[in-house]
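S.K.: My structure is below; once you've seen it, I'll send some questions.
The values are calculated or read from the model by the stated rules, or taken from the named source; none is laboratory data. None of the values given here were measured: they were computed from a predicted structure. Using ideal geometry, Cβ is built from the backbone for each residue, glycine included, and neighbour counts are taken over all protein chains shown. SASA here: full protein model, heavy atoms, side chains in, ligands and nucleic acids out. Shrake-Rupley method; radii C 1.70, N 1.55, O 1.52, S 1.80 Å.
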2 protein chains.
Amino acid sequence: MNTSKPHEIDFLKSALEKESEVNSVDFILDWLRRKNDQVRTVVEQVPLDKLDKWSFDPQTGNIVHQSGRFFSIEGIRVETNWGKVPFWEQPIINQPEIGYLGILTKKIGGILHFLMQAKIEPGNINLVQLSPTLQATKSNYTRVHKGKVPLYIEYFNGEKAADILIDQLQSEQGARFLRKRNRNIIMEVPESEDLPEYDNFIWLTLGQLKKLISHDNIVNMDARTVVSGIQYGKVNDHLLNPLLKGDSSLNDFDDIISWITKLKSKYELNVKLIPLKSVANWGYDGLAYNHHEGKYFSVIGVRVEIDDREVVSWDQPMIRPAQEGLVAFIVKEIKGVYHFLVQAKVEAGNFDILELAPTVQCLTGNYRKGYNEYSVPFINDVLSASKEQIWYSARQSEEGGRFYMEQNLNMIIEAKNDFSVEVPENYCWATLNQLLTFIRFNNYLNIEARSLLSAVII
Amino acid sequence: MNTSKPHEIDFLKSALEKESEVNSVDFILDWLRRKNDQVRTVVEQVPLDKLDKWSFDPQTGNIVHQSGRFFSIEGIRVETNWGKVPFWEQPIINQPEIGYLGILTKKIGGILHFLMQAKIEPGNINLVQLSPTLQATKSNYTRVHKGKVPLYIEYFNGEKAADILIDQLQSEQGARFLRKRNRNIIMEVPESEDLPEYDNFIWLTLGQLKKLISHDNIVNMDARTVVSGIQYGKVNDHLLNPLLKGDSSLNDFDDIISWITKLKSKYELNVKLIPLKSVANWGYDGLAYNHHEGKYFSVIGVRVEIDDREVVSWDQPMIRPAQEGLVAFIVKEIKGVYHFLVQAKVEAGNFDILELAPTVQCLTGNYRKGYNEYSVPFINDVLSASKEQIWYSARQSEEGGRFYMEQNLNMIIEAKNDFSVEVPENYCWATLNQLLTFIRFNNYLNIEARSLLSAVII
């Protein structure tokens, strides 16, 4: 199988380049801070039934926009033989369109640079975060509604020349979105291209991006998922650290495919759209749509006002989590190569039953109560990790256009020496190269796993 | 990316071995003929409302089994922006369980042999065809219903030791089944294993199987799809013919992924289950469920009686096509390597919008009327091919448990020298190695493409 690209070397060179000649990491952080200071943003909660242009559909109780566009909050009834809960009902975001998450790149001084956008999203903890060059819905980019054309779209839709570096269909949060996917795309424009540089855009290298991902809430979820799709390929050995040596993996690639096939055959996931107002154990309290015991998340209404030279304002529903979650990979050196412990996880909104998730992913439960009260496998190994075991730890926001102040603790933990190589049926060890191979194909790695992998520095 | 297996060499050795020391191709053909002569099979059409244990559901008109098991015939309403028909309604087979299609293999005289079954299916044109060792529904293999245990199941469910050679989730006919998939699996038992050899089973090599696929209606669809998943991997150059040289492909692997991503983003496929009795333009004529103009296919009822020492009989609905179809790959040498022209095809029952299909796939239209009346791209290139251009041509049955006397002409045609390398947006050139890579991942190649690839002899 020959699947390597000539571009891989360029990617790697950029990845290893810690500082750009164009902008330093400190400059970028400062630039973002200034962007944040310059803009006045007000986000206030309003009752869902008082939202401008949004309403409860009289028949279904679904929360819909008057145009029928954007997205809607609907109900689902879920039946599955995975996990301990055989059926439940919940609200979910239904947004069937495939959007663009695109990053433009260009060689500057011989090094590939990424054009990132300082973007305000109402749900972001730091309101302004680094985002892809382009975030566009299908209505945007096909100009169905003749609205404002997104900046730089011409490099993504073929109107202007650019090389495709990656172009993958990737999933969103399966616990919150119904089968939502985006097109994750990186384009390279010729060095000679005189790219317009708009006010909220900045050039940085992949190495700098990864450095910034180690900070809390600087690089947004959309940027992290696009970056996670980058392959490092086969390069000279001296450039490689053991993360990329795929040849001595514990599990053969086809064995991992077989493991996935077996679990997809074993587990059933039946999801049916139902009216939001009929969702059991959830209801509207006059302000938000909540679970009766306050668990999981709420659907809230927000009024957003952004004053950035001109004032823009709108109302929208958002998802507010009940508490902070934890996503973590456990890694272990096996046969001289670092392996990631992945979990085959069924989530209600998954496109194809299950996706590969981090070792620990608890977004909705109160994991801090600890092992005994909330028995998530391997959570103790993560929470009790010593400083030396922690490769990576940062708080990262979920997509701030839909999720209100949702941040999760992202961690990569090296297992203790006595951590068993034997793992339960739903878990499997895979090398970074094996995971990066799966990422290229639709719906194998979930967004939480991809977000963590985006932080890996080789 | 290292994804090769130690087993590949064995596969190849078998593939190149034209005759087995155990049974010759002529013996196998004769053995199948005798099996066919020995068994008395009566398949007669009966009105759908007279079927034993099957009935029209009073509410929906769906055709269902009294146990709620097996499968049902339901209706779907389809909306898509692919092709020329933006919406339609049709009957479809709904069978949500994932079944096993499994072949047991074992080295005999150092050569890998495949244990194939002579299996009677009521819809087969040759009633008895070579089938996988195991064809089992989930109810069978999980023994939910405590029925007869399928032969050899113990080698597939882990009860007895065997190595997994391939284990993939593969799609069925998207025009007839709603998102149906099967687990395609090949196991290798140790040479020392004293495998029981039952009456209707026979050993043959992969080379022999492929030889038999060049005959009409000898190797059934289930066997062909399992065989199509076999990788040939990287072997010494002198063993390779240009089909497998992936290094000088016209399109980089990631370019093909990008092409798929783009089309999956472009095309929408909305499929909704509706009551069979409400399906527009279809109705029950007192015997079968037909399209009003007699197009596409009919749902018929059959009474089956098989007398093979003991008499077994049952009733069931089946799909009978309106006419014979055509599936064909066009291949062309480009940059010294043979490339297959694949089509991104949207079919109503597809799991993920589109799958890669043969260059020409017309199962439901009367393609013999020719180019002008029924304009299928590239059909003239196939129908006008000279003898020298035809690599492969055989009539092959669809799965005889669901499809009544359905056979399609399967062809692989080498393009004329002046055939353009430039192709329309929904078409793409790919090497055999690239296609075999996609096969390993879920829902990339459709069953018609896989059936054709199973015939390729390297």
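S.K.: Compute the Cα gyration tensor for region B:388-458, then decide on rounded, prolate or oblate, letting a ≥ b ≥ c be the square roots of its eigenvalues: rounded whenever a/c is under 1.5, prolate when a/b is larger than b/c in the other cases, and oblate in all that remain.
M.R.: Oblate shape, in that a/c is at least 1.5 and b/c is the bigger or equal ratio.
S.K.: For region A:24-93, just say rounded, prolate or oblate: build the C-alpha gyration tensor, square-root its eigenvalues into a ≥ b ≥ c, call rounded for a/c under 1.5, and beyond that prolate if a/b exceeds b/c, oblate if not.
M.R.: Here region A:24-93 falls in the oblate category.
S.K.: Using the structure shown, list the pairs from B:148/B:345; B:50/B:277; B:210/B:295 with a Cα-Cα distance above 29 Å, or answer none.
M.R.: B:148/B:345; B:210/B:295
S.K.: Using a probe of 1.4 angstrom, how much of the accessible area of the protein assembly as shown is carbon and sulfur, in percent?
M.R.: Result for the protein assembly as shown: 48 percent of the exposed heavy-atom area is carbon or sulfur.
S.K.: Continuing with the same structure: Could you quickly flag the chain A residue whose beta carbon comes closest to the rotation axis taking A to B, and that distance in whole angstrom?
M.R.: Its Cβ sits closest to the axis: A:441, 2.
S.K.: Next question. Which distances in nm, rounded to one decimal and ordered from shortest, link the label point of residue B:81 to the equivalent label points in the other identical copies, with labels set 7 Å from Cα toward Cβ?
M.R.: The projected label point of residue B:81 is separated from its counterparts by 3.9 nm.
S.K.: Just to confirm, what accessible area per residue do you get for chain B at 1.4 Å probe, in whole Å²?
M.R.: Accessible area per residue: 39 Å².
S.K.: What order do B:113, A:65 take when sorted by accessible area (1.4 Å probe), most exposed first?
M.R.: A:65, B:113
S.K.: While we're on this one: Can you pull the mean other chain C-beta count within 10 Å for peptide A:253-265?
M.R.: 6
S.K.: Also: Excluding ligands and nucleic acids, what accessible area in Å² is computed for residue B:101 using a 1.4 Å probe, to the nearest 10?
M.R.: 10
S.K.: Please go through region B:391-435 and write out the GluC sites (Glu not before Pro) that DSSP classes as loop and that have at most 10 other C-beta atoms within 10 Å.
M.R.: Answer in residue order: B:422, B:425.
S.K.: Checking an interface number: how much accessible area is buried between A and B, summed over both chains, with a 1.4 Å probe, in Å² rounded to 100?
M.R.: Values: alone 19880 and 19890 Å², together 35960 Å².
So the buried area, both faces added, is about 3800 Å².
S.K.: Pop out a list of residues from region B:78-112 that are at least 20 Å² less accessible with all the protein chains around than in their chain alone; 1.4 Å probe, no ligands or nucleic acids counted.
M.R.: B:98
S.K.: Shortest first and in nm to one decimal, what separations exist between residue B:292 and its copies in the other chains, measuring from label points 7 Å along the Cα-to-beta-carbon line?
M.R.: Copy-to-copy label distances at residue B:292, shortest first: 4.9 nm.
S.K.: Taking N as the number of residues in chain B, what value does Rg over Cα atoms divided by 2.2 N^0.38 Å take? Intermediate values should be presented prior to the final figure.
M.R.: Working: Rg = 21.8 Å, N = 458, 2.2 N^0.38 = 22.6 Å.
Ratio of Cα Rg to 2.2 N^0.38 Å: 0.96.
S.K.: Could you tell me the relative contact order of chain A? Use alpha-carbon pairs under 8 Å, at least six residues apart, and round to a whole percent.
M.R.: Relative contact order comes out at 22 percent.
S.K.: Between the DSSP loop rule and a limit of at most 16 other Cβ atoms within 10 Å, which trypsin sites (Lys or Arg not before Pro) in region A:282-315 are left?
M.R.: A:295, A:309
S.K.: Continuing with this model, one more query. Multiply the residue separation of residue A:108 and residue A:314 by 0.36 nm, subtract the distance between their alpha-carbon atoms, and state the gained length in nm to one decimal. Mind showing how you got there, number by number?
M.R.: Details: separation 206, 0.36 × 206 = 74.16 nm, distance 3.84 nm.
Length gained, residue A:108 through residue A:314: 70.3 nm.
S.K.: With the solvent-accessible surface defined on protein heavy atoms using a 1.4 Å probe, which residues belonging to region A:423-458 display a reduction of at least 50 Å² in accessible area in the multichain context relative to the isolated chain?
M.R.: Buried by 50 Å² or more upon assembly, which counts only protein chains, are A:440, A:441, A:442, A:444.
S.K.: According to the square roots a ≥ b ≥ c of the eigenvalues of the Cα gyration tensor, what is the shape class of region A:330-458, taking rounded for a/c under 1.5, prolate for a/b larger than b/c otherwise, and oblate for the remainder?
M.R.: Values: a/c = 1.37, a/b = 1.10, b/c = 1.24.
It is rounded, given that a/c, with a ≥ b ≥ c, falls under 1.5.
S.K.: From the phi of every residue in region B:91-108, what ³J(HN,Hα) in whole Hz does the Karplus formula 6.51 cos²θ - 1.76 cosθ + 1.60 yield, where θ is phi - 60° and glycine or proline is x?
M.R.: x, 8, 7, 10, 9, x, 6, 8, x, 9, 10, x, 10, 8, 10, 7, 6, 10
S.K.: Based on the alpha carbons, how large is the Rg to Rh ratio for the protein assembly as shown when Rh follows Kirkwood?
M.R.: Result: Rg/Rh = 0.96.
S.K.: Considering only DSSP states other than H, G, I, E and B, which trypsin sites (Lys or Arg not before Pro) in region B:93-189 qualify as loop sites with at most 11 other Cβ atoms within 10 Å? Show your work: numbers first, answer last.
M.R.: Details: sites: B:106, B:107, B:119, B:138, B:143, B:146, B:148, B:160, B:176, B:179, B:180, B:181, B:183; in loops: B:143, B:146, B:148, B:160, B:176, B:179, B:180.
Those satisfying the criteria are B:146, B:148.
S.K.: Place the label 7 angstrom along Cα→C-beta at residue B:217 and in each other copy, then list the distances from the first to the rest in nm, shortest first.
M.R.: Label-point separations across copies, in nm and ascending: 7.0.
S.K.: While we're here: Just subtract the alpha-carbon distance of residue B:214 and residue B:87 from 0.36 nm times their residue separation and send over the number in nm, one decimal.
M.R.: My answer for the length gained is 42.0 nm.
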